[in-house]
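Structure first, commentary second.
Where a number appears in this text, it was derived from the coordinates with a stated rule and is not lab data. Predicted model only: the values in this text are computed from it and were never measured. Cβ coordinates were reconstructed from backbone atoms using ideal geometry, including for glycine residues, and neighbour counts include every protein chain displayed.
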Amino acid sequence: MSNINRRTLIKSSLAAVLAGTALSRAAVADSSEPILLGVSGPLTGPNAQYGTQWKQGFDLALDEILAAGGINGRKLAYSFEDSQSDPRQSVAIAQKFVSDPRIVMELGDFSSPASMAASPIYQRAGLVQFGFTNSHPDFTKGGDYMWSTSVSQADEQPLLAKYAVKGLGLTKLAVLHLNTDWGRTSRDYFVKAAKEYGAEIAVTEGYIAEERDFRSTLVRVRDANPDGLILISYYSDGALIARQARQVGLKQTMCAASSVYSPKFLELGGDAVEDVHVGTRYFPEDPRPEVQKFIAGFKKKYNGLEPDAFNAYAYDAMNMAAAVVKIGGTDRRAIRDAFAKVKDVSSVIFGTATFDVESRRVKGAMNAELVVRKGQFALWDGKPT
Amino acid sequence: MSSWLDYTINGLIVGNVYALVAVGLALIFGVSRLINFAQGSIYLVGAYIGWVAVVQLHTPLPLTIIVVAVAAALVGLIIERFGLRPLQNSVRIAPLLATIGISFVLDQLVMLTFSPNPRALPSQLPDVRFQVGGGTIGPLDLLIAGVGITSAVLLFVFLRYSKLGWAIRATAQDRDAAMQMGVDVNRVNQAVFGIAAALGGVSGLLVGMYYNQIDTAMSLQATLKGVVAEVVGGAGNVPGAVVGSLLLGLVESYGVAVFGTSYRNLFAFLLLVLVLVLRPNGLFASARQAPPEPLTGTFIAPSRPVRVPRWALLVAVGGFAILPFFPVSFYVLQTLINAWLLGMLALSLTLVAGTIGQVSLGHAALLAIGAYTSALLSLTLSVPVGLAIIAGGLMSAALGTALISPSFRLRGHYVSIATLAIGEIVSLVILNWESVTRGPIGISGIPPLSLFGYDLISATSIYWFSFAVMVVLALLQARLLGSHLGRSFRAIRDDDIAARAYGLSLNRYKSLAFIFGGFAAGVSGGIAAHLYSYINHETFNTQQSILALTVVILGGLGNVVGAVVGSVALVGLPEVFRIAAEYRILIYGIVLLLLVRFRPQGLLGTI
């Protein structure tokens, strides 16, 4: 027993130490080997759920890519390294990826601190860092090897503001936002747009990610006497806020950013999220063929499980990566250049996606105005609640 | 103005939620003088067992509570029997570390079984609500209050009037005397852990129902809030834990009312520091309570430190210095860079925790101060990076020592809790002080490391740079420990009363240790900032502080070489187990437990 343990331990540590050196001597252009993407993301730690969702989206996309003949006849695969979304680990992973010649580009990391800490390493080594959930405004400023399909908040928030102010006729708003780089940036774009549409911002409240109790925050919101609540939240905290808002006696219309869009929002929120309005990039009842294909495939592969937005981001990212690799081949520099060349890649979030070479992001996310009715997301019928 | 009634009610409601965790912590602290960092994990286990009972087995509420209580109690008994009892005669800090290891293992087991996705845990009580003030109260609020207060009252009666209760109190007062009087100390411990775990499990269930939401990340927050509430009330005092929890809930609620949501936890931790400074034993500690014992000092296991021969050290330093000339991958170098940065932090902590006996659980704050100082100086004032890093070190030394100085008069576990609070406060100030720190957006575009105008951007040059800095800091520290000053430090650790009687000024020496330690940690944070080019308030978190403590205990408290060896081991282990992906933290937790069990004085022993 202990013997086996010791042996596997030594083996694995040797493997780790030798990883770089041994691999660099391995045949690089063996066409029977799959083309390999590196993924740096959380599989353990507080954000572990998102890494799991990424995998589901990636695997579905890869099945479809393989069924369609792969990348010029070769398989596409990924190597997922668990970073816990911790900058210390994401920089080590970055070194691992850049020195592994099999890796042609990298996807991730999940959070901005982890991604942006690794950016200098990717940039200097000339390996694309494709941060498909990194909406931090500075992420793509890290260098010309940083690309993102994350919807820029500069794009998304004005759409939500328009929905709330023009669509629902709300004029005095309370904004609750996650106090992270994402929530803060989103809030600023939202507030700016909402004011331009003529609304007044009565109060803004930022809360930390671990927060569970919002009752006192909501009393504060109640005292500001708004006619609408804007949630810039993820689905779990969004559901908590909605539930507690009803408990402290707030009956105002609630309007939430696309990040709450998940079946989990309905499950966790229960009755309290009824009539919550959501502006979203992704809606499964969207009749567009790319969306329907994604949903049907997802349900089939995962025993009827409903996909959510993070699944869709990952699925889109993998398809985008495949399209880029198809043009760029296996050369890292050529892959970077290929990002500027891909046109109209079929995408759940964007319809068709093309990069804006200046910002290295995709513009023109799809927008659906939804409302929760009878425990389901439904297209908004145009009537204020 | 009517809203103040609502703030009060909300504060009491969330205070009740904290009380559920704090009561279990207080009970264990009362008997074992141990802060059980696994209490939050038992709470997590309780919530998920509750989910299975409610959603899959459809048990009625009373049965759900019984199932959860019994199952959680079993987990508690197993922890006591196999995790903690073998550590009875080892260093006093060993069981604390073991509970951290156990919490890793439990959290990870739950995550592997149930996946990290949050789940809905529906309340089994009818959804009627009573109007109170502008808000409402539901049956679950009342049930939580009922469970919190009833369990505190029952425990109080049990401890005061039952035979087992007497045995528990006797053990708490003087373990050896109790044993001589025929008290079966092990049985007492088991009873306490069983009861505390049952309470912890039920609290997880109720809180899960209250929020209709459970997820695997909820355990650390529960532990943190529970510990704060417990210490505010008076560690080990069961009714005090309830009052402390309600007070914490109220302070948070009023804090939100006056200053806004983003200041919420800031007030919780400020309350804690305030109570510790004004009433070091908590608000409700009895005057007769024996003063807490130092965590290290006389309780350091009688071990002989492993003397690493000078030539072996020279060979090791030389070997690491020439490593980049061999065909090693950048990944290995980067991993070692992380180890050197952690090594500097560990040197800092091993000095204050090991040599002078101030166990700090908030050491990441020193990293953060150094990192922000260095990043801001080089970005906004264009100070050369080398100088900025030194300035970061000095700022950490000055500010860190000033912040921690109120805790100098504390002893035992209270020092660790005060430092834990200070760590959180620094992080929350960084989040809220936007005009300087840029708040949640963080600082991006930090210039890369450079020395005399040359940028150090290759992994090799960063490796050499960080290694050299660490070696210099280690040599300085070794020199310090060998000097008269080092002997004074150890004298304070071993017996502060004797040291004071001998004329040593405790505060002055503690300050000196923190100044040197703060400098080393600040330099580490500064280098990290330039290495990452982006930092925000989450870059240096509590987990980092716990990791640093693990490193110095693994290496051997106060042991300079041990701190470095521990860093290499603990940065290396997770990387070695990287292939195990999801099982990585589980393996790490188990390895930690085994080390604490079989080598509690650390790999190289304590100096």
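Within 10 Å of each Cβ of A:40-46, how many other protein chain Cβ atoms are there on average? Could you put the intermediate results ahead of the total?
On the way: counts 0, 0, 1, 7, 15, 9, 9.
Mean partner shielding for this stretch: 6.
Can you pick out the pairs among A:55/A:343; A:96/A:141; A:172/A:251 whose Cα atoms lie more than 19 Å from each other?
A:55/A:343; A:96/A:141
Using the Cα atoms of region B:476-607 to build a convex hull, what is its mean projected area in square nanometres?
Convex hull of Cα atoms, orientation-averaged projection: 10.0 nm².
Report, in degrees rounded to the nearest 10, the 0 to 90 angle that the Cα long axis of helix B:542-555 makes with the longest principal axis of chain B.
Once rounded, the angle reads 70 degrees.
For region B:397-437, state the average projected area of the convex hull of the C-alpha atoms over all orientations, rounded to one decimal in nm².
Numbers: hull surface 12.3 nm².
Computing the convex hull of the Cα atoms and averaging its projections yields 3.1 nm².
Please rank A:105, B:344, fewest neighbouring Cβ atoms within 10 Å first, as an exposure proxy. Don't jump to the answer; show the numbers that get you there.
Values: A:105 26, B:344 30.
Least crowded to most crowded, the residues run A:105, B:344.
Amide H neighbours of residue A:71 under 5 Å, at least 5 residues apart or on other chains, H built in the peptide plane: list them.
A:76
Just subtract the alpha-carbon distance of residue B:142 and residue B:70 from 0.36 nm times their residue separation and send over the number in nm, one decimal.
Stretched out fully, the residue B:142 to residue B:70 stretch lengthens by 23.7 nm.
Compute the long axis of helix B:39-51 from its Cα atoms, compare it with the longest principal axis of the Cα atoms of chain B, and write down the angle in degrees, 0 to 90, nearest 10.
50
So between residue B:479 and residue B:314, what do we pick up on full extension, going 0.36 nm a residue minus the alpha carbon distance? It would help to have the intermediate numbers written out before the result.
Numbers: separation 165, 0.36 × 165 = 59.40 nm, distance 1.59 nm.
Taking 0.36 nm per residue and subtracting the Cα distance, the gain is 57.8 nm.
Quote the convex hull volume per residue of the protein assembly as shown, based on C-alpha atoms, as a whole number of Å³.
Hull volume normalised by residue count: 167 Å³.
Would you mind computing, in nm to one decimal, how far apart the modelled labels at residue B:186 and residue B:495 are, each placed 7 Å from Cα along Cα→Cβ?
Distance between the two pseudo-spin positions: 3.4 nm.
For region A:192-243, what is the convex hull volume of its Cα atoms per residue in Å³?
Looking at region A:192-243, the number lands at 88 Å³ per residue.
Can you give the % of DSSP beta bridges in the protein assembly as shown that are antiparallel, to the nearest 5?
Bridges in the protein assembly as shown that DSSP calls antiparallel: roughly 40 percent.
Please list, or write none, the aspartates and glutamates whose alpha carbon is within less than 17 Å of the alpha carbon of residue A:326, excluding same-chain residues fewer than 8 places away.
Within the straight-line limit of under 17 Å, residue A:326 reaches these aspartates and glutamates: A:30, A:33, A:63, A:64, A:106, A:316, A:337, A:344.
Return, ordered by residue number, the residues of region A:275-297 whose backbone nitrogen is under 16 Å from a label point located 7 Å along Cα→Cβ of residue A:344.
A:289-290
Please give the residues of region B:571-603, grouped as numeric ranges, whose backbone N is less than 19 Å from a label point set 7 Å along the Cα-to-Cβ vector of residue B:306.
B:571-574, B:591-603
With only alpha-carbon atoms in the gyration tensor, what are the semi-axes of the equivalent ellipsoid for chain B, in Å, largest first?
40, 28, 24
If I take every Cα pair under 8 Å that is 6 or more residues apart in region B:1-110, average their sequence separation and divide by the length, what percent do I get for the relative contact order? Numbers along the way, then the final one.
Values: 67 pairs, mean separation 34.1, N = 110.
For region B:1-110, the relative contact order is 31 percent.
Taking the mean number of other Cβ atoms within 10 Å as a proxy for protection, how do you rank A:276-287, B:512-523 from highest to lowest?
Packing proxy ranking, top to bottom: B:512-523, A:276-287.
Can you tell me the order of B:73-80, A:222-229 when each peptide is scored by its average per-residue count of other Cβ atoms within 10 angstrom, highest first?
Ranked from most to least packed, the peptides come out as B:73-80, A:222-229.
Across the residues of B:255-261, average count of Cβ atoms on other protein chains within 10 Å?
6
Note down the relative contact order for chain B as a percent, whole number, built from C-alpha pairs under 8 angstrom at least six residues apart.
Across chain B, relative contact order equals 20 percent.
Each residue of region B:391-397 in turn: what ³J(HN,Hα) in whole Hz from Karplus with 6.51, -1.76, 1.60 and θ = phi - 60°, glycine and Pro shown as x?
Coupling constants for region B:391-397: 4, x, x, 5, 5, 4, 4 Hz.
Over chain A, with a Gaussian network built from C-alpha contacts below 10 Å, which listed residue (A:134, A:311, A:367) shows the highest mean-square fluctuation?
A:367
Taking the simple approach of a point 7 Å from Cα along Cα-to-Cβ for both residue B:56 and residue B:115, what is their distance in nm?
Distance between the two pseudo-spin positions: 1.4 nm.
How high is the FRET efficiency from residue B:162 to residue B:506, r the C-beta distance, R0 56 Å, rounded to 0.05?
After rounding to 0.05, the efficiency reads 0.85.
For chain A, what is the percent of antiparallel DSSP beta bridges, rounded to the nearest 5? It would help to have the intermediate numbers written out before the result.
Working: 14 of 49 bridges.
Close to 30 percent.
What nm value, rounded to one decimal, do you get for the distance between residue B:429 and residue A:75 when each label is placed 7 Å out toward the C-beta?
The modelled label-to-label distance comes out at 5.5 nm.
Counting only residues 5 or more places away or on other chains, whose amide H sits under 5 Å from the amide H of residue A:207 once H atoms are built in the peptide plane?
A:177, A:178, A:179
Using only Cα atoms, find the angle between the long axis of helix B:238-259 and the longest principal axis of chain B, and express it within 0 to 90 degrees, rounded to the nearest 10.
So the inclination is approximately 70 degrees.
Please give the average number of partner chain Cβ atoms lying within 10 Å of the Cβ of each residue in B:438-448, rounded to a whole number.
Per residue, the number of nearby Cβ atoms from other chains is 5 on average.
Can you grab the distance from the C-alpha centre of region B:1-63 to the C-alpha centre of region A:63-142, Å, no decimals?
If we compute the Cα centre of each part, the gap is 40 Å.
Using the beta-carbon distance between residue B:283 and residue B:125 and R0 = 45 Å, what value does 1/(1 + (r/R0)^6) give for FRET efficiency, to the nearest 0.05?
FRET efficiency, residue B:283 to residue B:125: 0.85.
Give me the extension gain from residue B:78 to residue B:460: residue separation times 0.36 nm, minus the current Cα-Cα distance, reported in nm with one decimal. Kindly include the intermediate steps, with their values, before the conclusion.
Details: separation 382, 0.36 × 382 = 137.52 nm, distance 4.75 nm.
Separation in residues times 0.36 nm, less the Cα-Cα distance, equals 132.8 nm.
Assuming R0 = 22 Å, what is the FRET efficiency of residue B:4 and residue A:225, from their Cβ-Cβ distance, to the nearest 0.05?
With a Förster radius of 22 Å, E is 0.85.
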